[in-house]
Amino acid sequence: MNIQKIEAMIYTIRGQRVMLDSDLANLYGVEVKVLNQAVKRNLERFPEDFLIVPNSSELAHLRSQIVTLERASHQNHVFKFTPFFFTENGVAMLSSVLRSKEAIKVNIAIMRAFTKLRSFMMMDNSALEGRVQNLEKNTHKLFKIVFERLDSVETLITPKLSDNRKKIGLKK
């Protein structure tokens, strides 16, 4: 099972990484109808955070992601039925619904792809965190220099009042 092929089938909907029922059916070697029937028979195993039923704007967003990935096919533009999106947990739950040896092998490969993507995200976050900390340190130094210079300029431009000068204003 090619992990890069699986990674290309992972999309982002509602801030979650998901896979389409048609892609999963293709990987498992079953018809989409068979996969969806198995899911519908076991809906209690698929709460909202495992299985997402998209709205029309999410389908449009998905179409744009697929076109961006250049996976041209008739399915990219028109869905005959509203597809199911399976989150990582939903894909894991599919292994308890689909029990063939092929399904087990495919499920293992899919879980590895999700894990690989998650590790990339964590590496990106840690690199970003390091850059932010470095930026904070540098800006702190810069602001310290700026405030020190402002203090020295302030002492130069503050007028010095002498006791000998003539006071102005109304006399009593």
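The numbers here are math on the coordinates, done by the rules we state, and not lab data. All of these numbers come straight from a predicted model, not from anything done at the bench. No Cβ is skipped: glycine too gets one built from the backbone with ideal geometry, and neighbour counts run over all protein chains shown.
Some points to look at:
- Annotation: amide H of Leu51 within the under-5 Å range of Thr87, sequence separation 5 or more or interchain, hydrogens built in the peptide plane.
- Approximating the spin labels as points 7 Å out from Cα along Cα→Cβ, the Thr82-to-Lys171 distance works out to 9.3 nm.
- Around Ile3: net Lys/Arg minus Asp/Glu count, Cβ-Cβ under 11 Å: +2
- Relative packing of peptides 85-92, 15-22 - highest average C-beta neighbours within 10 Å first: 85-92, 15-22
- In order along segment 43-53, phi translates into HN-Hα couplings of 4, 5, 7, 10, x, 4, 7, 9, 10, 10, 9 Hz, rounded to whole numbers, per the Karplus curve 6.51 cos²θ - 1.76 cosθ + 1.60 with θ = phi - 60° and x for Gly and Pro.
- By the beta-carbon count within 10 Å of each Cβ, the least crowded to most crowded order of Arg118, Arg99, fewest first, is Arg99, Arg118.
- Residue order, fewest to most beta carbons within 10 Å, for His61, His140: His140, His61
- Length gained when the stretch Asn134-Arg14 is fully extended (0.36 nm per residue, less Cα-Cα span): 40.0 nm
- Nonlocal amide H pairs with Val18, under 5 Å, H built at 1.01 Å: Tyr11, Thr12, Ile13
- Placing R0 at 22 angstrom, the Cβ-Cβ distance between Lys5 and Glu102 gives a FRET efficiency of 0.90 after rounding to 0.05.
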